[in-house]
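Student: Let me begin by handing over the structure; questions about it come next.
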Amino acid sequence: MPENFEFESGGAISTITFNRPERRNCMSREVMLEFEQLILRVRDDRATRVLIVTGNGPAFSAGADISGTKGIEDPVARQRIFAERNRGLPRIIGRVFDTILRLDCMTIGAVNGFAVGGGWALAAAFDFIVAAENAQFWVPEVELGVPFAGLPAEVMARRLGPWLAKEAMIVCRHYSAQELFALGMINKVVRNDQLMPAARELAERLLKLPAKSATATKHVIDGVFAGPRLY
């Protein structure tokens, strides 16, 4: 059984839930290795046609654990501490993102709360985003003296476009779910208690489509906006 996730499968819809609310579902090395195994399990399960990913608690995911860098003013020291705490994490996250982008099944990010840094990038890697009305999105790394780079940054840049991506990733602006919906970056915003019903409603709608045609079209679109990349 997963230690940091809840996993529901057994039909056409699978659900992965980040279940580390006391740490805001942050992306530690151990968490992402476990997440990678679940994603691979979904990839290899021919019965799964739609994957929903969400989180328990106040956060969808707070991204990489940067708590050790807070209060340290020296940017070189911050970067060193961040690298030590997250050794090997960028490569693992790159593999996970690459696998998600190449899944044949449809993917839905059900953003239940804060989506921060890599957490926002993860949501952007899914085919569709449904967000609770209290969801907030931002990338704090540059503000903390840590570069935001790798495949998560590439995914966000391609999804958001250069000007919005720079505002989000360099200026570190906070966005509400409603703002991103208005910008066309979220498919739907719903009341907090309607998040999972809305995600499942979308999943059921996707299940009514011819699977091969939907998958082929998805990969054409992702070939334009995600670009080829192997980790």
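The values are calculated or read from the model by the stated rules, or taken from the named source; none is laboratory data. For clarity, every value in this text was computed on a predicted model and none was experimentally measured. Note that each Cβ is placed from the backbone with ideal geometry, even for glycine, and that neighbours are counted across all protein chains shown.
Student: How many residues are touching a Pro at 6+ places or on another chain (Cβ under 8 Å) and over 20 Å from residue 133 (Cα atoms) if we restrict to region 38-62? Please lay out each step first, then the result.
Tutor: Going through region 38-62, the residues touching a Pro at 6+ places or on another chain (Cβ under 8 Å) turn out to be 38, 55-59.
Next, from what is left, pick out any that are over 20 Å from residue 133 (Cα atoms): 38.
Counting residues in region 38-62 that are touching a Pro at 6+ places or on another chain (Cβ under 8 Å) and over 20 Å from residue 133 (Cα atoms) gives 1.
Student: Somewhere in region 42-55, is a residue surrounded by fewer than 19 Cβ atoms within 10 Å (Cβ to Cβ), at pLDDT 95 or above, among the basic types (Lys, Arg) and on the phi < 0 side of the Ramachandran plot?
Tutor: The answer is yes, given that some residue of region 42-55 is surrounded by fewer than 19 Cβ atoms within 10 Å (Cβ to Cβ), at pLDDT 95 or above, among the basic types (Lys, Arg) and on the phi < 0 side of the Ramachandran plot.
Student: Give 224, 155 a once-over and let me know the one that is hydrophobic (A, V, I, L, M, F, W, C), more than 16 Å from the chain's Cα centre (by Cα) and within 20 Å of residue 103 (Cα to Cα).
Tutor: None of the other options fit; the residue is 224.
Student: Kindly check whether there is at least one residue in region 167-174 that is of a type in the set (A, V, I, L, M), more than 21 Å from residue 51 (Cβ to Cβ) and in contact with a Leu (Cβ under 9 Å, 6 or more places away or on another chain). Working first, answer last.
Tutor: Pass one, region 167-174, residues of a type in the set (A, V, I, L, M): 168-171.
If we keep only those that are more than 21 Å from residue 51 (Cβ to Cβ) as well, we get 168-171.
After this cut, where a residue has to be in contact with a Leu (Cβ under 9 Å, 6 or more places away or on another chain) as well, the list is 168-169.
Yes, region 167-174 contains a residue that is of a type in the set (A, V, I, L, M), more than 21 Å from residue 51 (Cβ to Cβ) and in contact with a Leu (Cβ under 9 Å, 6 or more places away or on another chain).
Student: Follow-up. Would you mind listing the helices (runs of 4 or more DSSP H) fully within region 155-231 where at least 2 residues are of a type in the set (Val, Ile, Thr) and either modelled with pLDDT under 95 or under 25 Å from residue 136 (Cα atoms) (or both)?
Tutor: Values: elements: 162-169, 177-182, 195-207, 211-225.
Once the helices (runs of 4 or more DSSP H) in region 155-231 are filtered for at least 2 residues that are of a type in the set (Val, Ile, Thr) and either modelled with pLDDT under 95 or under 25 Å from residue 136 (Cα atoms) (or both), what remains is 211-225.
Student: Across region 102-141, which residue is nearest to residue 184 (Cα to Cα) among those that are touching a helix residue (DSSP H, G or I) at 6+ places or on another chain (Cβ under 6 Å) and assigned to a helix (DSSP H, G or I)?
Tutor: Looking at the filtered set, the residue picked out is 124.
Student: Name the one entry in 211, 199, 153 that is in contact with a Lys or Arg (Cβ under 7 Å, 6 or more places away or on another chain) and surrounded by 14 or more Cβ atoms within 10 Å (Cβ to Cβ). Break it down into steps so the answer makes sense when it comes.
Tutor: Values: 199 fails: in contact with a Lys or Arg (Cβ under 7 Å, 6 or more places away or on another chain); 153 fails: in contact with a Lys or Arg (Cβ under 7 Å, 6 or more places away or on another chain).
Of the residues listed, the single one that is in contact with a Lys or Arg (Cβ under 7 Å, 6 or more places away or on another chain) and surrounded by 14 or more Cβ atoms within 10 Å (Cβ to Cβ) is 211.
Let's see how each residue does on (1) within 17 Å of the chain's Cα centre (by Cα); (2) aromatic (Phe, Trp, Tyr); (3) in a strand (DSSP E or B):
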{"position": "3", "(1), (2), (3)": "no, no, no"}
{"position": "7", "(1), (2), (3)": "yes, yes, yes"}
{"position": "11", "(1), (2), (3)": "no, no, no"}
{"position": "16", "(1), (2), (3)": "yes, no, yes"}
{"position": "26", "(1), (2), (3)": "yes, no, no"}
{"position": "37", "(1), (2), (3)": "yes, no, no"}
{"position": "41", "(1), (2), (3)": "no, no, no"}
{"position": "48", "(1), (2), (3)": "no, no, no"}
{"position": "53", "(1), (2), (3)": "yes, no, yes"}
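Student: Looking at region 100-144, which of its residues are over 12 Å from the mean Cα position of the chain (by Cα) and modelled with pLDDT under 95?
Tutor: Result: 102, 140, 141, 142, 143, 144.
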